[in-house]
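Visitor: Below you'll find the structure I mean.
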Amino acid sequence: MQFLGRALLTSAVVLAACAGGDSPSDTVAANSPATTPSTGAQTASPAAVTGQTHEVDMVIDGSEYKYVPSEITVKAGDAIKFNMVSGGPHNVAFEPEDIPEDMRAVLAANMPAEGGGMTKLSPLMGPLLMQPGTSYTISFAGIKPGAYPFNCTPHLAMGMVGTVTVQ
C-alpha cells in the first residue's frame, strides 16, 4: 500500500513538472532546512559539509536504470552530489524504516529543499531531477556510521537502488 501511495504521488509530481518550463543546470548546497509538510516547522538544522564531495551519476544504460556507483563509502562530514545524466526523472530517496530513528531528522535536514528547479517530495525524498546536467547534493555531516540504503522513487520497481556506507 505504501508503494502504491508513493507511486501515485510521484506520478502526480512528474505530470505537474512536465507542465513547467526548462531551467538551467542547478547544483544545490546542503544548507536548506528540512521542514515538516503539515506545519512547516524546522525538524533539525542542516550540517555543513566538512569533507570531500563524492559524485554519483543517475543513468539509464540500455534498459537498466542505475546509480553509478551504486555502492559508495563516505566519511561523516562528506557529501554526495547526485548527477542526473540520462533516463530521468530521477531522485534520491531514503525509506524511513531503513534509517535509524535518531538519524532521520538529521538526514532530512541535510537534504536540501530544492534541486534541479524542483522541490523535495518528502523529508527523506529528494526532488525529481528532470533535465540532464542537474544535480542534488546531500551532506552526510552529523550522520553516524552505518549503511544507508537509497533508491530512485520513479525507478524503484526497475531496481534503481544503492547504499551509502558512512564510516
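The values are calculated or read from the model by the stated rules, or taken from the named source; none is laboratory data. Note that the structure is a prediction, hence the values are computed from the model and not measured. Neighbour counts are summed over all protein chains in view; Cβ atoms, including those assigned to glycine, are modelled from backbone coordinates with ideal geometry. Ligands, DNA and RNA are excluded from the accessible area calculation, which covers all protein heavy atoms including side chains. Shrake-Rupley method; radii C 1.70, N 1.55, O 1.52, S 1.80 Å.
Quick grid of which residues meet (1) farther than 26 Å from Met130 by Cα; (2) without any contact (Cβ under 8 Å) to a residue 24 or more places away in the chain; (3) in contact with a Ser or Thr (Cβ under 8 Å, 6 or more places away or on another chain); (4) open to solvent by less than 40 Å² (accessible area, probe 1.4 Å):
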{"residue": "Ala47", "(1), (2), (3), (4)": "yes, no, yes, yes"}
{"residue": "Ile72", "(1), (2), (3), (4)": "no, no, yes, yes"}
{"residue": "Pro89", "(1), (2), (3), (4)": "no, no, no, yes"}
{"residue": "Glu95", "(1), (2), (3), (4)": "no, no, no, yes"}
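Visitor: Here's a follow-up. From the residues in segment 97-117 that are buried (at least 24 other Cβ atoms within 10 Å of the Cβ) and farther than 18 Å from Gly77 by Cβ, which one is nearest to the chain's Cα centre (by Cα)?
Guide: Step by step, filter segment 97-117, then rank; the result is Gly115.
Visitor: Consider segment 53-70. How many of its residues are modelled with pLDDT of 95 or more and open to solvent by 90 Å² or more (accessible area, probe 1.4 Å)?
Guide: So the count comes out to 2.
Visitor: Considering only segment 121-136, how many residues are within 8 Å of the chain's Cα centre (by Cα) and either over 19 Å from Glu97 (Cβ atoms) or crowded, with 24+ Cβ neighbours inside 10 Å (or both)?
Guide: Summing the residues that are within 8 Å of the chain's Cα centre (by Cα) and either over 19 Å from Glu97 (Cβ atoms) or crowded, with 24+ Cβ neighbours inside 10 Å (or both) in segment 121-136 gives 3.
Visitor: Would you call Asp78 over 13 Å from Tyr148 (Cβ atoms) and of a type outside the set (S, T, N, Q)? It would help to see each step written out before you state the result.
Guide: Values: over 13 Å from Tyr148 (Cβ atoms): no; of a type outside the set (S, T, N, Q): yes.
The answer is no for Asp78.
Visitor: Moving on to the next point. Contact list please: Cβ distance under 7 Å, first residue in segment 142-153 and under 15 Å from Ala79 (Cα atoms), second residue of a type in the set (Gly, Ala, Ser) and assigned to a strand (DSSP E or B), pairs at least six apart or on different chains.
Guide: Listed by first residue and then by second, the contacts come to Phe150/Ala93; Phe150/Gly162.
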